[in-house]
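Taken together, the values in this text are just the output of simple stated rules run on the coordinates, not laboratory data. The structure presented is a predicted model; accordingly, all values stated were derived computationally and were not measured. Cβ coordinates were reconstructed from backbone atoms using ideal geometry, including for glycine residues, and neighbour counts include every protein chain displayed.
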Amino acid sequence: MAAPTAGVAAKDELVGEGAGASAARAPAAEAATTRTAQAIFLISIAGGEKERLILISWQLLLLLLGVVHRPEEGFIGCGNALPFVTMDFVYGPGKNHLFVPGPVNIPEPVIRAMNRNNEDYRSPAIPALTKTLLEDVKKIFKTTSGTPFLIPTTGTASSIHPSACTTAPVPHQLPSNNQFLDQFSLLWIDQQQRLNFRVDVIESEWGRGADLDALASKLEADRSHTIKAVCIVHNETATGVTNDLAAVRKLLDGYRHPALVLVDGVSSICAIDFRMDEWGVDVALTGSQKALSMPTGMGIVCASPKAMEAAKTAKSVRVFFDWNDYLKFYKLGTFWPYTPSIQLLYGLRTALDLLFEEGLDNVIARHSRLGKATRLAVEAWGLKNCTQREDWFSDTVTAVVVPPYINSADVVKRAWTRYNLSLGLGLNKVAGKVFRIGHLGNLNELQLLGCLSGVEMVLRDVGYPVKLGSGVAAAAAHLRNTTPMITSRI
């Protein structure tokens, strides 16, 4: 038999056909095998036209069953790779490698804590549980004076709270009411405009942090203090940028401006250093599906005494998102004006216990290690970080810029379809230009290294000539030098 076509394994070896097969069958069999190589290897049982019909019918059957690679998708990998045969399953072996910037992996203790039936939230047990949760969530904001709220909603919906509960809409012809910084605040901006707030947007180039010089100019010019709030996303996940909240507070204090500081900390709180009291943050919010490593469904908001005082006179129309409703039930000791998710409350209890057992500062240090390791891997691959300056680098997500001949959506798709690896798509202005690696939540060093090895294989698959193991080696060297011992196991 003639040698196999490049990229196609010898048929005799695959189907167990004897080495002494008739040489007369070789041309027809080889041709048929070549024709179907991109679909699946099939045994040849006859020659000529009959063989061709049998092979095609099997190919169509298996295509209908969804278990073969479609010819139009071509070959996987670089060089003379074997044709790829797919298996159509819902749940593959092992676990999905979830490395998007949220939602994140849920630890087993949290899953077990939530595996329970419903309870009457008016019974003594739930208020008692809620009381401990409200006290403990203040610790993740690093506040002793803040008032926390557990909202049965998403992080996006929670972002309605800060402005709606503390300021009032104004006619559009009047001076700006809220100053917005950063790019991922687009949803936030849209919310406020729909609520009839006057919004003045300070734009920055994608990949850069908030323009503090522009903010300084706005504050200096606002002698009548018409700006009521400065709203900023602490950690912007579209480009992997972390903003300097302490610098924002310093500007406000320098100009003696009374504006509230409202912070979206959805992808930062519990993972990146956040100090509500020290930095003079008036309202901060996060979501259960990020660093807390829980399912989506709980927004966590914390308000300073200054914000709570502003809420007493705020004229904005609000119904579900009204702190006053919560405060009434806080005084009654029942805490809940609306039905909470019982399962999420128990999950939050366990999630907080895990954070406090590790130590919040240790959790932040772990995210710093993982973020640095990821950036070293990107550098070793010869690729660039979307974030343009080191002091803006995020420790919870890295946005990787791909070469112009690669669509980053193909990286994300291939990671999912071949390696069961979930990466983040590029959003808005960087769609198709970056893919995002989330390193957030209940995650350790070896899990990250597994992700990075998967990314390397994906990059090779889509045509980027990365040296396999280069990024993993760079990350592993850093982690080996910085990962502490587990003291309880020494």
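Taking 0.36 nm per residue of separation and subtracting the current Cα-Cα distance, fully stretching the chain between Arg194 and Ser123 would add 21.7 nm. Exceedance of the 32 Å cut-off in Cα-Cα distance is limited, within the set Lys228/Lys372; Lys228/Lys433; Lys131/Lys250; Lys429/Lys467, to Lys228/Lys372; Lys228/Lys433; Lys131/Lys250.
Put a plus charge on the Cβ of each Lys and Arg, a minus charge on the Cβ of each Asp and Glu, and nothing anywhere else: the dipole of the range 108-357 about its Cα centre is then about 800 debye. Between the range 289-336 and the range 135-158, how far is it from one alpha carbon centroid to the other, in angstrom? Rounded to whole Å, the Cα centres lie 8 Å apart. For a modelled paramagnetic label at Glu379, 7 Å from Cα along Cα-to-Cβ, the residues of the range 460-490 in reach, with backbone nitrogen under 14 Å, are 471-479. Here each label is just a point 7 Å from Cα along the line to Cβ, and for Ser145 and Thr313 those points are 1.8 nm apart.
So if each residue of separation counts as 0.36 nm, and I subtract the Cα-Cα distance between Ser488 and Arg223, what length gain in nm does that give? Could you put the intermediate results ahead of the total?
Numbers: separation 265, 0.36 × 265 = 95.40 nm, distance 5.67 nm.
That works out to 89.7 nm of additional length.
Take the Cβ atoms of Ala477 and Ala409, set R0 to 30 Å, and the FRET efficiency comes out at 0.45. Sorted ascending by nearby beta carbons within 10 Å, beginning with the fewest, Val466, Val363 become Val466, Val363. Using the Cβ-Cβ distance between Arg116 and Asn444 with R0 = 41 Å, the FRET efficiency computed as 1/(1 + (r/R0)^6) comes to roughly 0.90. Summing Cβ point charges (Lys, Arg +1; Asp, Glu -1) relative to the Cα centre of the range 367-420 gives a dipole of roughly 200 debye.
Rounded to whole numbers, the Karplus 3J(HN,Hα) couplings from phi for the range 348-359 are 5, 4, 6, 4, 5, 4, 5, 4, 6, 5, 6, x Hz, using 6.51 cos²θ - 1.76 cosθ + 1.60 with θ = phi - 60°, and x at Gly and Pro.
Panel order for Trp206, Trp188, by other beta carbons found within 10 Å of each beta carbon, from fewest to most: Trp206, Trp188. Sorted fewest first by neighbouring Cβ atoms within 10 angstrom, Asp273, Asp253 come out as Asp253, Asp273.
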